[in-house]
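Nothing in this text is a laboratory measurement; each read-out follows from the coordinates by a stated rule. From a predicted model like this one, the values you see are computed outputs, not experimental measurements. Here the Cβ positions follow ideal geometry from the backbone for every residue, glycine too, while neighbour counts run over all protein chains shown.
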Amino acid sequence: MKTPKPPVAGLALIAVAVIAGQIFLIPPAGSNLMGQTSNPAPDKTIKELTDEIVRLQGLLPDQSHAMADVGYHMSHAWFAAKAKNWPLAKFNVDETMSHIGWAVRIKPIRKGPDNSDFPLQPYADAISGGPIPEMQTAIRNADLPAFEKSYQAALTACYACHVASAKPYLKLKPPAMPDSGIIDYQPDSP
Ligand code: HEC
């Protein structure tokens, strides 16, 4: 069962942006903002700021964490479609794709089975260019058989990246039961 994750990445990025702001956005000496004299001197050295950025980088979620979210949303998409709750299915397919993008940004290059580096993006593109639009079309058409077919095609494309990443044991199948029981899949009655 997956627990909801705090937006660590977002917070860390904001913190990095704030620190970067201290470096790049220092107002010129003597500048006067809203009648107050600002202090132009940064109170941290570059070394301290670099250490802080390294510390914040250590707080960023790893790729496995982002992928667990991918699995969570993909699983919810399945049960939402089964319940013919098409808006909920669409939400989860969109989240699946955006979390795949996030996972690739966390670690864009991995080692393959032969220990050589390879880029992950083409594997993400293979999903976003085929199975995901097919799932979205099936959702728009409220077509469950077409959704199930494209879902299976998506899992095959997901698995291709796991194999390429030297993790062939991360096999995928349509889920038998939801990861978490907190989402009510039943659509509103018309
Ligand atoms: C671009 C490559 C890529 C794609 C596409 C991809 N995965 Fe992954 N996935 C990985 C990698 C790499 C890992 C292992 C991450 C790690 O351990 O650092 C992983 C791990 C996982 C895990 C295990 C997470 C955990 O730690 O418990 C699940 C579940 C998962 N993927 C589901 C999916 C699903 C479902 C899809 C398709 C909707 C998908 N993945 C698409 C690369 C990919």
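Points worth noting:
- Above-threshold pairs, the threshold being 27 Å between Cα atoms, out of K44/K107; K82/K111; K107/K149; K111/K173; K82/K171; K107/K173: K44/K107; K82/K111; K107/K149
- Amide hydrogen proximity for R110: with H placed 1.01 Å from N in the peptide plane, the residues at 5 or more positions away or on another chain lying under 5 Å are F118, L120.
- Put a dot 7 Å past the Cα of K84, heading toward its Cβ, do the same for I109, and the two dots end up 5.1 nm apart.
- Charges were assigned to the Cβ only: +1 to each Lys and Arg, -1 to each Asp and Glu. The resulting dipole of region 97-190 about its Cα centre is roughly 400 debye.
- Length gained when the stretch F91-I46 is fully extended (0.36 nm per residue, less Cα-Cα span): 11.9 nm
- Virtual paramagnetic centre 7 Å along Cα→Cβ of V163, amide N under 19 Å, in region 73-116: 110-116
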